[in-house]
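Participant: Below is a structure I'd like to ask you about.
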Amino acid sequence: MRQIYLDNAATTHLDPQVLEAMLPFFQHTAGNASALHRCGVTAAKGIEQARAQIAQSLNAQPEEIFFTSGGTEANNLALKGAAFAAQERGNHLITSNVEHPSVLQTCRWLATKGFELTVVPVNAEGLLTAGQVRQALRKDTILVSVMQVNNEIGTLQPVKAIGELCRKRGIYFHSDACQGFTKVSLDVKAQNLDLVTLNAHKVHGPLGVGALYIRKGITMEAQMHGGAQEQGLRSGTINTPGIVGFGKAAALEDSEAVRGMTELRDYFIKLVESRIPGARLNGSRDRRICNNINFSFGAGVAGKSLMLELDKRGITVSSGSACSARSLKPSKVLLAIGLSEAEAHSAIRFSLSKWTTRQEMELTAQILEEIVRNLRGANA
Ligand SMILES: Cc1ncc(COP(=O)(O)O)c(C=O)c1O
């Protein structure tokens, strides 16, 4: 059966060029990157090339990039590592109410360990302002964490303005950039970022690899102890093939593809709005990442049923963020932007990739219209 894959915000398909770059490092040429023999040196060279590729895409220095097992671990390291290291300066943390669970739950956990947490609410578009962050600041604030792009509704947060605010006051600013990496401009210097989380599997790289950018001079407390890899901050034998693939994926950044996705996104939004009465676009129309479309269809259309019906017809979408897709609870992000539980349950996220075509989006709109009509009819 033909497959139209529109769940790229959950994970992307591996780019063949990435696989090609990784293959030698799964085979006989590479050893443990910590070893001094030739196999080890080959592995270490692959890793250092990837570190440089990722650093380049953020305008950072290679030694400011620390590899992890993914975005979740990088978020944990950023928040726990910075908070514990800065504890003598203060104990107040700020984040938003639409962060990925790996940020929000980590902050909540820190709040059980002696830190105080302020969770700033977003508006109906999922947007937070630098002014709100300013109001939440206290004398003892040490760390602010606001994501670059929301994973469910694609809203772009004003990271540059928040970065400027934090830098002036000497407060660390962390941003989870997993969704925006290679699609939204990311410049750690221009945007005053201190800590940035990235992962590979959202950018056509492999699963199980991430990175944390840590601005030079920031003291961090290691969260993983052992062989002192990654400058002692993240012990564990380094995942050479994964990291090499991550570096290659970062280097494939393509502004033409971003333009193409933006056009397709807007085209699909128009198609849905003109064909399906009552379809409501969640998130912001203009402050939105190029590949995210999130619609709710109103009570009477369960997002889960819609997702499963689309799946039967070969169209892969998500009825909420992948991390919570198995739970029947409504999406916290959709509730945070003011949707009722019923509206939140009727939401579907379509997330495009550089390979998505116009024909695929037209067919998706047509099949979607049919399914929504049937579901509404069945529940009338
Ligand atoms: C915004 C955001 N942060 C963090 C993560 C977690 O990343 P990983 O799956 O690499 O642990 C994801 C992916 O689900 C995400 O979308």
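The values are calculated or read from the model by the stated rules, or taken from the named source; none is laboratory data. A quick note: this is a predicted structure, and the numbers were derived from the prediction, not measured. Counting neighbours? That spans all protein chains shown, and the Cβs are built from the backbone with ideal geometry, glycine included.
Participant: Residues of segment 12-30 being surrounded by 17 or more Cβ atoms within 10 Å (Cβ to Cβ), of a type outside the set (A, V, I, L, M) and under 22 Å from the mean Cα position of the chain (by Cα), which ones?
Facilitator: THR12, ASP15
Participant: Which residue pairs have Cβ atoms under 6 Å apart, sit 6 or more places apart or on different chains, and have a first residue in segment 120-148 that is under 23 Å from THR197 (Cβ atoms) and a second that is basic (Lys, Arg)?
Facilitator: Partner pairs satisfying both residue conditions: ILE142/ARG89.
Participant: Could I ask something else about it? Kindly provide the set of residues from segment 93-121 that are within 16 Å of the ligand (Cβ to nearest atom) and either assigned to a strand (DSSP E or B) or farther than 20 Å from VAL184 by Cβ (or both), ordered by number.
Facilitator: Passing the criteria: THR95, SER96, ASN97, PRO101, LEU104, GLN105, THR106, CYS107, ARG108, TRP109.
Participant: Considering only segment 274-305, state which residues are at pLDDT 95 or above and among the aliphatic types (A, V, I, L, M).
Facilitator: Result: ILE276, ALA279, LEU281, ILE289, ILE293.
Participant: Looking only at segment 38-88, which residues are among the aromatic types (Phe, Trp, Tyr) and within 22 Å of the chain's Cα centre (by Cα)?
Facilitator: Across segment 38-88, the qualifying residues are PHE66, PHE67.
Participant: Shifting gears a bit: Filter segment 59-80 down to residues that are part of a helix (DSSP H, G or I), touching a residue at least 60 places away in the same chain (Cβ under 8 Å) and more than 16 Å from the ligand (Cβ to nearest atom) and give me whichever is farthest from GLY170 (Cα to Cα).
Facilitator: Going residue by residue through segment 59-80, those that are part of a helix (DSSP H, G or I) are 62-64, 71-80.
If we keep only those that are touching a residue at least 60 places away in the same chain (Cβ under 8 Å) too, we end up with 63-64, 71-80.
Filter once more, keeping what is more than 16 Å from the ligand (Cβ to nearest atom): 63-64.
Values: GLU63: 22, GLU64: 19 Å.
The residue in question is GLU63.
Participant: Please determine, by comparing only the residues of segment 207-228 that are within 14 Å of the ligand (Cβ to nearest atom) and surrounded by fewer than 24 Cβ atoms within 10 Å (Cβ to Cβ), which one is nearest to LEU352 (Cα to Cα).
Facilitator: LEU207
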